[in-house]
1. Here is a check on your reading of the model: is Gly235 within 23 Å of Lys536 (Cβ to Cβ), free of Cβ contacts under 8 Å to residues at least 40 places away in the same chain and open to solvent by 10 Å² or more (accessible area, probe 1.4 Å)?
2. Any idea which residue in the stretch 380-405 is nearest to ligand 3 (Cβ to nearest atom), counting only those that are in a loop (DSSP other than H, G, I, E, B), crowded, with 16+ Cβ neighbours inside 10 Å and not aromatic (Phe, Trp, Tyr)?
3. Would you call Gly408 open to solvent by 20 Å² or more (accessible area, probe 1.4 Å), closer than 30 Å to Asp293 by Cα, away from ligand 3 (no atom under 16 Å from the Cβ) and out of contact with any Phe, Trp or Tyr (no Cβ under 7 Å at 6 or more places or on another chain)?
4. Would you point out which residue out of Pro453, Pro490 is in contact with a Gly (Cβ under 6 Å, 6 or more places away or on another chain), open to solvent by less than 60 Å² (accessible area, probe 1.4 Å) and of a type outside the set (Lys, Arg)?
5. Open to solvent by less than 10 Å² (accessible area, probe 1.4 Å), more than 16 Å from ligand 3 (Cβ to nearest atom) and more than 18 Å from Ile528 (Cβ to Cβ), is that true of Ser248?
6. Show the residue pairs meeting these rules: Cβ distance below 7 Å; 6+ apart or different chains; first residue within the stretch 417-436 and closer than 15 Å to Gly365 by Cα; second residue of a type in the set (S, T, N, Q).
7. Given the condition closer than 17 Å to Pro176 by Cβ, of a type in the set (Val, Ile, Thr) and modelled with pLDDT of 95 or more, answer yes or no: does some residue in the stretch 286-308 qualify?
8. Can you tell me which residues in the stretch 528-549 are more than 30 Å from Leu140 (Cβ to Cβ) and among the small types (Gly, Ala, Ser)?
Amino acid sequence: MPKYSRTDRPPPPASLSLLVRSLRTRRRSWILLLAGLLALVVYGRIGTRTTTLSAHGASELERRGVRFDRERDEDEVGVDFPPLPELHDRDRLWPPDLSKPICKPKIYVYNLPPSLQLAQKTASQCRWSAYNSELLLHQLLAKPLSSEHPSPDHPHLSLYTSNPDEADFFFAPLFPACYLFDCWVKAGWTKTERCNVDEGYIQPVMRHIRETMPYWNRSAGADHLIPHPMDYVDGYYTETSRAAMNGSSYLVTVGDVRPAPYGSHFRFYRDIVIPSSTHLLNSYYINPLDYVDQDGHPLREPRGAADPRRKTQAVPTGVEIFQPSPHEAGAWRRRPSFRSLASKLVGGRGIDRDRRTTLAIFRGGVGTATDGERYALGIRSLFFPSDGNASTPPFSSAIHPGFSSLPGFDIAEQSENDDYACRLARSKFGLAPPGYTLDTTRIYEYLAFGVVPVFIGSGPTAGQVMPFANDVDWSSFSISIPRDRAHETPHILAQVSDDEYERLRRKVWEVGRMVVLEGREGNVWKLIARQLCRMKRLGIAAGPEIVNN
Ligand SMILES: *[C@@H]1O[C@H](CO)[C@@H](O)[C@H](O)[C@H]1NC(C)=O
Ligand SMILES: *[C@@H]1O[C@H](CO)[C@@H](O)[C@H](O)[C@H]1NC(C)=O
Ligand SMILES: *[C@@H]1O[C@H](CO)[C@@H](O)[C@H](O)[C@H]1NC(C)=O
C-alpha cells in the first residue's frame, strides 16, 4: 500500500485558501501591486547597464567629447577598440615569412659505390610504403631536373652541391627503412625478419662514409643527415648500427615527447621532423588540384587525371599538389555533362566550384582485439557503432551509435582512392586520432585537399612534435581536442562558426599545404633548410653587442 492515496492526501493549508479568497475580492489592489513590481524590475535593469559602462570609465570620457554606442545587447562589450597599426618590422612576429630563407646552406649527397646502393627493385617496392619519404627527399635534392622551366628555388638548384668542400651539411643516401620494408614484404610480413640489414647494409655504408672522406670525422657526424621515417626511428637496428649513425641528425616522421618509452626514440635537440608520405599522394599520385580549384574549393566534377577514361592512357610521373594535371587534350575531352552545361547557362565565374558539405571525414580502422589502448589510445572506438562488447570492433565497453551515425560525418574503414579524393574535396574537417604512433599519414592528405585537420589525442597539444613547428603555426590551421574530450568532438565541431572555419581553411591552403611532400617545388627541403640554419646558427647573427649600463 502506498502511504498516501489520492483520497487521503491532506487538505490545502489555510494560508493558501486565504490567498485565493483575497485574489477574488481585492482584484484591483493585486493588479496595482504587480504593476509596481514590474516597474521596479525594469528600472533595475537599466540601472545595471549604466553602471557597467561608467565602471569602464566611459562617462568620464564622454564628458570630454568621446562618444560611445550604448545601443547594444547586454552580452556584448559595447565598445569597439581600434585595431593596432602594422608593425614596421614584420620580423618581430612569429610565424616567419617562409619566402625569406634564414640562410642558404649547401648540402652534399654522398655517392655510394653501386654495391652499397639500394637495389632498384627494392626502391620501386618502397614507393608503395609510407617510408617513401626518404626516397623522395633524396630524389628532390640529388636528381637532376627533368622539367624545362624549373623554379630557381627547387632544392636541387638552391641547396644541393656536388662539391663537398663547400657543403654545410651532408646527406647520407642510406635507406634502411626501405630495405626493411622490402625485407618484410618478402618474408610475408614477419616483422622480426631483418634480412641482414645491419651487417649487410647499414654498417658497410657507414664505414664507407667514415673512411673515404674526412667530413664525418671532422664533426663526429653532427652535420650529417640520415633519414629514419619509421615509427621506432633507429630502434629496429643493432646497437652497433645505431652507434655508427648516432652522431648525425635524423630526419624522422614521428616526433614524440611523451614520457619514455613512448617518446624515447625522438632526440628533440638533434632530429628534424619531416612529413610522412601518403599512399594517395605519393604512391598513386592522385593530384588534389584535379578535385579542388586553385582556391581550395571543390570542383563540381574532377578534371584531368581524375577522368577515369584518361587514367588508362596517361600515367602520372610524380607528386604534384600545386599544379593541376595537364588539361584534357582533344582526344579524351570530356563530353560536358548536363550539370556543367546547366551551370554554364546560369553563367558567372566560379560556377564550377562547389561547397564543402561534409562536416567531418575519416577513413581508417580500429586496430585489433588485442591492441587495447595501444592502438589510437582507444579513441577510434568512438567512431563506429558499439554494442558494448569490448572484444569486438570497435572495442568499446560502452554502448553508443558511433560518430559515423551522425549527419555530416563521413566515417568508414576504407574507400577506393578516387572516391576518397572526391570525398576529401567535399569535407570541412578531417579527424586525425593517433594510430600505433601519434603521427598518421592522413594529416598530409587533409592538408593537400584543403581539409582542416582535427587532432584528437594527437597533434601539437598531445606531445606530438609537428613537422617544422619552429616555422609553421599548426594551431592556425587545425583544431586540437585532448583525449579526455574526444567524446565531445561532434559538439566542438558543431560550435565552430562559419568565420572561424573559413579562417582555418584559408590557412590550410596558404600554409598547411607547404608541409606536404610534393615533387615540384620541394617546399619540404626549404623548411628542412631553415632548421639546418638554426643548427649551425647560419644566418642568425649574434646581433649587436648590448650595453646595459
Ligand atoms: C675516421 O675515424 C675512424 C676511427 O674513428 C678511422 O677508422 C677512419 O679512417 C677516419 N677517417 C678518415 C677519412 O680518416
Ligand atoms: C648516442 O650518443 C649519445 C651521446 O650523444 C650516447 O649517450 C648514446 O649512448 C649513444 N647511443 C648509441 C646507440 O650509441
Ligand atoms: C563478446 O564477443 C565475443 C566474440 O564475438 C563473444 O565470444 C562474447 O560472448 C561476447 N560477449 C558478450 C557479453 O556478448
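1. No; evaluated as a whole, the condition is false for this residue.
2. Going through the stretch 380-405, the residues in a loop (DSSP other than H, G, I, E, B) turn out to be 383-385, 388-398, 401-402.
Cutting the leftovers down to crowded, with 16+ Cβ neighbours inside 10 Å gives us 383-384, 393-396, 402.
Okay, now just the ones that are also not aromatic (Phe, Trp, Tyr), so 393-394, 396, 402.
Values: Pro393: 10, Pro394: 13, Ser396: 12, Gly402: 17 Å.
Ranking the qualifying residues of the stretch 380-405, first place goes to Pro393.
3. Yes: the conditions hold for Gly408.
4. Pro453
5. No: the conditions fail for Ser248.
6. Once the first residue is closer than 15 Å to Gly365 by Cα and sits in the stretch 417-436, its partners that are of a type in the set (S, T, N, Q) give Ala432/Thr440; Ala432/Ser458; Pro433/Ser458; Pro434/Thr440; Pro434/Ser458.
7. The initial filter retains those residues of the stretch 286-308 that are closer than 17 Å to Pro176 by Cβ, namely none.
Looking for residues that are closer than 17 Å to Pro176 by Cβ, of a type in the set (Val, Ile, Thr) and modelled with pLDDT of 95 or more, one finds none in the stretch 286-308, hence no.
8. Ala542, Gly543
The values are calculated or read from the model by the stated rules, or taken from the named source; none is laboratory data. Not measured: the values here are computed from a predicted model. Cβ atoms come from the backbone with ideal geometry, glycine included; neighbour counts cover every protein chain shown. Areas reflect the complete protein model, heavy atoms only, side chains present, ligands, DNA and RNA absent. Shrake-Rupley method; radii C 1.70, N 1.55, O 1.52, S 1.80 Å.
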